[in-house]
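Please read the structure below before turning to the comments.
The values are calculated or read from the model by the stated rules, or taken from the named source; none is laboratory data. Quick caveat: nothing in here was measured; it's all calculated off a predicted structure. Positions of Cβ are backbone-derived with ideal geometry, glycine not excepted, and every protein chain shown enters the neighbour counts. Keep in mind that these areas ignore ligands, DNA and RNA; they rest on the heavy atoms of the full protein, side chains included. Shrake-Rupley method; radii C 1.70, N 1.55, O 1.52, S 1.80 Å.
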Number of protein chains: 2
Amino acid sequence: MSAALDIAPATPADVPLILGFIRELAEYEHLSDQVTATEDALRATLFGERPAAEVLIAHHDGVAAGFALYFQNYSTFLAKPGIYLEDLYVRPDQRGHGIGRALLAHIARLAVARGCGRFEWSVLDWNAPAIGFYRRLGAAPQDEWTIFRLSGDALKALASPN
Amino acid sequence: MSAALDIAPATPADVPLILGFIRELAEYEHLSDQVTATEDALRATLFGERPAAEVLIAHHDGVAAGFALYFQNYSTFLAKPGIYLEDLYVRPDQRGHGIGRALLAHIARLAVARGCGRFEWSVLDWNAPAIGFYRRLGAAPQDEWTIFRLSGDALKALASPN
């Protein structure tokens, strides 16, 4: 890790940068069609009265190099909160400087300081470089679990009176 | 759904019941060895100043039949909060009355009311009855994603100064 690496919580002024990172990450994940986020919506949900998530921005040699967005989750088995990392992204031209590892280590320290039992995230199955990186950190794939998602019309249908 | 079905937020008096449900669910999932939760820890994390999750208890004909525990998550792609269901459990002798569906529908209504874009949960790959049930509700398996978990010594190691 370079001494020129700085990691700090995002501020409302970072909203355009955050949206740029989200779009770059979605492009890398071939999921750009799923992105409907706007600057206004990010500002309202991340920097309003009750922020829904926390954001870290990494600068390397003064250049915005990547970000991490995370929130608290909960384990009933442990009866402890945890941290769930929704997004981790380092710009391609900034990789190889330990920035991703530094962001993860920053959040791991927060998790320990907050008494969390776990630090979790999800990765796309084809993202072999990321999977290798996570395994080397000692993270364990929860292969036996599948996430189910209800959204759009199916969510509205289940929510409607019956 | 029976008219005798009642779904309501849990209170601190429900802590022993909740711990019982958590243990029964863990047993069903063959994960009992992972349960270290205690009544005190549940009380502190769920009913303290800043609850880490919300809990619903379902009563059927006056009998405690099941529970759901959920918390808010966040989608960067949508720039919207979502709801993540950590645990859903209906006692074996109470199944077949639509209690699980009623708990999910209750949370789906909350999700819509709170402006959430998604309602998500995870299921064990061998739990075919649950998977069939979730698919029939229109929930989509996120098969291409794998959850990674850092805990215990690996979490401490990443959190330690380097």
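Overview of values
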read-out: Low-density loop cleavage sites - GluC sites (Glu not before Pro) in segment B:1-109, where at most 13 other Cβ are within 10 Å (DSSP); value: B:Glu49
read-out: Gyration tensor (alpha-carbon) shape descriptor, segment A:1-77, a/c threshold 1.5; value: rounded
read-out: Cα-projected label distance for A:Trp145 with B:Ala113, points at 7 Å along beta-carbon direction, nm; value: 2.7
read-out: Average beta carbon contacts from partner chains per residue of B:134-146, 10 Å cutoff; value: 6
read-out: Chains B and A together, accessible area buried on both sides, 1.4 angstrom probe, square angstrom; value: 6700
read-out: Rounded, prolate or oblate (a/c below 1.5 giving rounded, otherwise prolate when a/b exceeds b/c) for the protein assembly as shown by Cα gyration tensor; value: prolate
read-out: Residue-level accessible surface for B:Leu85, protein heavy atoms, 1.4 Å, Å²; value: 10
read-out: Heavy-atom accessible area ranking, 1.4 Å probe, most first, across B:Leu104, A:Leu137; value: A:Leu137, B:Leu104
read-out: Expected 222 nm ellipticity per residue - DSSP helices of 4 or more, -39500 (n - 2.57), all of chain B, to 500; value: -10000 deg cm²/dmol
read-out: Loop trypsin sites (Lys or Arg not before Pro), segment A:1-99, which have at most 14 other Cβ atoms in a 10 Å radius of their Cβ (DSSP); value: A:Arg95
read-out: Average partner coverage of B:64-76, which counts Cβ from other chains inside 10 Å; value: 5
read-out: Accessible-area composition of chain B, carbon plus sulfur, in percent [1.4 Å probe]; value: 53
read-out: Accessible area expressed per residue, segment B:5-159, with surrounding protein chains retained (probe 1.4 Å, Å²); value: 43
read-out: Reachable aspartates and glutamates from A:Lys156, criterion Cα separation under 19 angstrom, eight or more residues apart if same chain; value: B:Glu120
read-out: 7 Å along Cα→Cβ, label-point gaps from B:Arg114 to other copies, nm, shortest first; value: 1.6
read-out: Segment B:126-162: chymotrypsin sites (Phe, Trp or Tyr not before Pro) in DSSP loop, at most 10 other beta carbons within 10 Å; value: B:Trp126
